[in-house]
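The values are calculated or read from the model by the stated rules, or taken from the named source; none is laboratory data. All of these numbers come straight from a predicted model, not from anything done at the bench. In this analysis, Cβ positions are derived from the backbone assuming ideal geometry, glycine residues included, and neighbour counts consider all displayed protein chains. The protein model used for the area step is the full one, side chains on, heavy atoms only, and it has no ligands, DNA or RNA in it. Shrake-Rupley method; radii C 1.70, N 1.55, O 1.52, S 1.80 Å.
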Amino acid sequence: MGQVIITFKRSYKFFLAVAAMMAIQLFAAGKIYLLGSILIGAILNFFWFISSAARLEVAAKKNSAQAKRIMLIGMLLRLGMVFIVLAVAAHISTELFLSTAACFVTFYVASLCALIYFGRRKF
């Protein structure tokens, strides 16, 4: 979990650049009311990775049967969290749903790239 938090701290400029690029695109398209979806997608992604890292850390200390159960429950909780947030966004409007989902996926890919980059630099 520490590695994930360190990676997020080191690459905050990269995430800010991604958020700024998405905000500029929404602003240029005249969709200023969707700017909150960028924040929602970023926070959802952050909790996704923190939850995943915490579950991995706990599962590493258990035997394989317990680790499998811990990871399965964690996956269901993370998917449930994403489903609830996206369901609320879909209930508000279709545009908000699509924007939030696109932001979550964009930040997810950016987080994976940051983890790979900083993981490779470590060795």
Any chance A65 is open to solvent by less than 80 Å² (accessible area, probe 1.4 Å), modelled with pLDDT under 90, more than 20 Å from Q3 (Cβ to Cβ) and out of contact with any Leu (no Cβ under 8 Å at 6 or more places or on another chain): yes
Exercise for the section: Assess whether Y33 counts as being within 17 Å of L96 (Cα to Cα), among the hydroxyl-bearing types (S, T, Y) and open to solvent by 80 Å² or more (accessible area, probe 1.4 Å). Expected result: yes
Pairs returned, first residue in the range 77-102 that is in contact (Cβ under 8 Å) with a residue 60 or more places away in the chain and of a type in the set (A, V, I, L, M, F, W, C), second residue that is open to solvent by 80 Å² or more (accessible area, probe 1.4 Å) and assigned to a loop (DSSP other than H, G, I, E, B), beta-carbon separation under 6 angstrom, 6 or more apart or interchain, are none
Going through the range 11-30 in order, the residues found to be of a type in the set (A, V, I, L, M) and open to solvent by less than 50 Å² (accessible area, probe 1.4 Å) are V18, A19, A20, M22, A23, L26
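Give the range 78-123 a look and list any residue that's more than 30 Å from Y33 (Cβ to Cβ), surrounded by 12 or more Cβ atoms within 10 Å (Cβ to Cβ) and among the hydrophobic types (A, V, I, L, M, F, W, C), or say none.
Initially, the range 78-123 is screened for residues more than 30 Å from Y33 (Cβ to Cβ), giving 115-123.
Still in the list and also surrounded by 12 or more Cβ atoms within 10 Å (Cβ to Cβ): 115, 117-118.
L115, F118, listed by residue number.
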Going through the range 36-50 in order, the residues found to be within 21 Å of G2 (Cβ to Cβ) and either modelled with pLDDT under 85 or crowded, with 17+ Cβ neighbours inside 10 Å (or both) are A42, N45, W48, F49
